[in-house]
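The values are calculated or read from the model by the stated rules, or taken from the named source; none is laboratory data. Because the structure is a prediction, the values reported are computed rather than measured. Glycine also receives a Cβ, built like all others from the backbone with ideal geometry; neighbour counts cover every protein chain displayed. Just the protein is used for accessible areas: all its heavy atoms, side chains included, with ligands, DNA and RNA removed. Shrake-Rupley method; radii C 1.70, N 1.55, O 1.52, S 1.80 Å.
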Amino acid sequence: MRKVDLVIIGAGTAGLTAAAMAADQGVEVLVIEHLAPGGQVATVEKIRNFPGFAEGVGGYELGPLLQQQAEERGVDFLFDSVERLEPDEHGFRIVGAEEMVHARAVIVAAGSHRRTLGVPGEQEFEGRGVSHCASCDAHFFRGKQVVVVGGGDSAFDEAEILAEHAGAVTIIHRGPRPVAQQRSVERVSALANVHLVGDAEVTAIEGADGVDRVLIDTPDGQGARDCAGVFVYTGLVPNSAFLGDLVALDAAGAIVTGGSFESSRPGLFAAGDIRSGATAMLASVAGEGATAALAAVRYLRERATTGMF
């Protein structure tokens with residue numbers, strides 16, 4: 001069984017930033033990721049709120065840049081799915097689908113996945129009109145009508161991408177006003193082929209060979225809107241199931257942390273949108289990764305000094 005000082009679970013912005021920071025401090029770091037470095041940002045066509053990129057940067061570019069930075073500092077990578085963590089007197093056994101690794105400390109930066117609507121037709125038409133990635137699928141809807149469900153930053157960012165391809169984009173959100181950043185709302189709302197529908201909720205997705213329409217509930221009653229595609233951005237669910245009852249989680253399943261992003265389990269830290277209270281802003285996520293890394297390094301050094309390692 002391979003043994004390292006620090007395992008970081010997740011190779012998104014938080015995990016890769018933490019890895020580079022910890023390696024700079026002389027710690028042996030292993031990053032475990034089950035997909036590809038970059039996390040969810042890898043599917044984002046244009047990131048506008050990350051420092052250092054005045055014109056924005058593609059997520060598919062940012063992920064490899066962060067990976068390269070970590071690798072140049074001596075960080076190793078393992079591509080595997082973490083199934084559970086088993087604490088022992090010297091740290092944690094990280095049990096993966098393919099391998100088992102032992103670490104003296106762990107930073108969980110496993111991120112989250114898109115929340116589904118849970119309405120009839122959503123699962124049936126997944127990949128046949130229902131999508132969670134505009135930058136991946138927008139070209140399939142050139143000149144067609146599409147619906148974006150959600151009122152946050154992701155919904156408006158993806159709607160802007162869709163507007164470059166689709167004939168018409170309707171953004172459906174629950175509240176009277178979107179919760180996305182005002183600047184983003186103003187920019188997207190000004191596009192000629194974008195229309196906002198507030199105080200509305202999609203109740204079903206219907207079609208034959210593919211999506212044909214969505215059913216909507218509004219304060220004025222029920223209605224329908226014809227569309228060929230439905231892009232869902234209604235929030236995130238933390239990827240914390242593999243932790244079981246190892247650490248304290250909030251009601252949404254996010255890891256509860258202290259001021260240095262330490263969890264309720266000594267030696268286990270969290271960063272990014274798997275952490276309770278995280279802003280999910282990319283610059284903040286990177287900062288969390290750095291803070292968690294420094295806290296983990298401090299923990300390792302304190303334990304070494306007291307002879308516990």
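Cβ distances below 4.7 Å define possible disulfide partners, and in the chain the cysteines left without one are Cys227. From helices alone, the chain scores -7500 deg cm²/dmol at 222 nm; the rule is -39500 (n - 2.57) for each run of n ≥ 4 DSSP H residues, then divide by the residue total. Arg84 contributes an accessible area of around 100 Å² to the protein surface, as traced by a 1.4 Å probe with all chains present. Residues Met1, Met281, sorted by accessible area with the largest first, give Met1, Met281 [1.4 Å probe; ligands and nucleic acids excluded]. For the chain, the membrane-span-like helices by this rule, meaning whole DSSP H stretches whose C-alpha atoms cover at least 27 Å of axis and whose Kyte-Doolittle mean is -0.5 or above, are 282-305; this says nothing about an actual membrane. Here the gap between Thr116 and Glu61, fully extended at 0.36 nm per residue and compared with their Cα-Cα distance, gives a gain of 17.1 nm.
For the chain, the equivalent ellipsoid derived from the alpha-carbon gyration tensor has semi-axes of 40, 19, 17 Å in decreasing order.
Among beta bridges identified by DSSP and lying wholly in the chain, the antiparallel ones come to about 45 percent.
Extending 7 Å from the Cα toward the beta-carbon at both Arg183 and Glu302 defines two label points whose distance is 3.8 nm.
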